[in-house]
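Read the structure below first, then the notes.
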Amino acid sequence: MPSKKPSLRDRLIVKPGSKVDLGSRKPDETFGYRKEQAALKVAADVDRLAALQERLWAEHKRRVLIVLQAMDAGGKDGVVKHVMTGFHPLGCRVVGFGVPSEVELAHDYLWRVHQVVPGNGEIVVFNRSHYEDVLVVRVHDLVPKARWSKRYDQINAFEELLAAEGTTILKFMLHISADEQLERFRARYEDPTKRWKFKLGDLEERKRWDEYMAAYEEALERCSTDAAPWFVIPSDRKWFRDLAIADIVADTLADLDPQYPPMDDLPKNLVMS
Ligand code: AMP
Ligand code: MG
């Protein structure tokens, strides 16, 4: 009997409780997809996304949170640009998390996050997220281990709360190779229209690649849950990255099957004057 090709969602999810070895996951994997074919599939998925998002917004009951995490030049901005392009701006927000401000640092690390989670009908994309508080914070010892090591359970509890209250959560780690990152840094440096994206500090961070990978592995292992799964997206090929994320988000929204609100509260044959 011919078996159906597994969906990218099934292939790329980090199964809750499983070990994660990023070294054994190929950043240039494409699962047999080809670039030409991918462009058509992304376009079809973007159309699906647009229609589903409009229904989610009209329904105004449920919420969707998409978390993007990656090393520098991993492609987070590209995903926002290429995958979220079909969304109506009214029902969608992108929130970037940079170095915390003084006020943010004067609160617990989830304070700035909880304020900007999606409301009813909304899709919110986090460009970086509370996971920085177990990534950059851990790699640079910004708080003692005694504090950051408790955060995995706290994050799980926080995401569990959001999910129980009606938020669907998808978390994507854009997995690039160190070589690909260097190529992208070079391209940014050489192109005057891209140089603004490159900072000298990016080269410093790059020296800690292995420490970052270890921090990512622990976050993926401990915080991929049924309520809020992680996906590791092979991202050396931008077209495959866009395809995978568009497909996983579209499949997830299709499962939610948002509905236009019932019209029963309006009188039949209303005469307007
Ligand atoms: P970019 O995404 O290139 O605009 O850079 C944002 C920077 O903010 C990155 O270097 C992150 O590591 C940093 N960042 C984000 N969240 C935190 C955090 N909670 N603590 C410290 N640095 C952070
Ligand atoms: Mg940057």
Heavy atoms of Tyr212: accessible area, 1.4 Å probe, square angstrom to 10: 20 Å²
Accessible surface of the range 58-142, 1.4 Å probe, proportion on carbon and sulfur as whole %: 55 percent
Alpha-carbon Debye profile of the range 148-225, log10 I(q)/I(0) at 0.17, 0.22, 0.28 Å⁻¹: -0.82, -1.00, -1.31
Label zone at Asn156 (point 7 Å along Cα-to-Cβ), backbone N below 12 Å, the range 1-30: 16-18
His82 - accessible surface, heavy atoms, 1.4 Å probe, Å² rounded to 10: 90 Å²
Separation in nanometres of the label points that stand 7 Å from Cα toward Cβ, at Val103 and Asp47: 4.5 nm
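Starting from 0.36 nm per residue, how many nanometres of slack lie between His114 and Asp210 once their C-alpha separation is accounted for?
On the way: separation 96, 0.36 × 96 = 34.56 nm, distance 3.01 nm.
Contour length minus Cα-Cα distance gives 31.5 nm.
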Extended-chain gain in nm, criterion 0.36 nm per residue less alpha-carbon gap, Ser149 and Glu190: 10.8 nm
Helix-only mean residue ellipticity at 222 nm for the chain, each DSSP H run of n ≥ 4 adding -39500 (n - 2.57), per residue, nearest 500: -13000 deg cm²/dmol
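Any idea what diffusion coefficient the range 174-273 gets from Stokes-Einstein, in µm²/s, Kirkwood Rh on alpha carbon pairs, 25 °C, 0.890 mPa s? Let's see the in-between values first.
Numbers: Rh = 17.9 Å.
Stokes-Einstein gives a translational diffusion coefficient of 137 µm²/s.
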Sparse-neighbourhood loop sites, GluC sites (Glu not before Pro) in the range 130-186 - DSSP loop, at most 13 other Cβ within 10 angstrom: Glu165
Solvent-free Debye scattering, log10 I(q)/I(0), computed from the Cα coordinates of the chain at q = 0.12, 0.17 Å⁻¹: -0.77, -1.53
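Given R₀ = 51 Å, FRET efficiency for Arg34-Val271 by Cβ-Cβ distance, to 0.05?
Details: r = 57 Å, r/R0 = 1.12.
Efficiency at R0 = 51 Å is approximately 0.35.
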Heavy-atom accessible area order for Lys171, Lys194, Lys268, Lys150, largest first, 1.4 Å probe: Lys268, Lys150, Lys194, Lys171
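The values are calculated or read from the model by the stated rules, or taken from the named source; none is laboratory data. Note that the structure is a prediction, hence the values are computed from the model and not measured. Every residue, glycine among them, receives a Cβ derived from its backbone with ideal geometry; neighbour counts consider all protein chains shown. Calculation scope for accessible area: heavy atoms of the full protein, side chains included, ligands and nucleic acids excluded. Shrake-Rupley method; radii C 1.70, N 1.55, O 1.52, S 1.80 Å.
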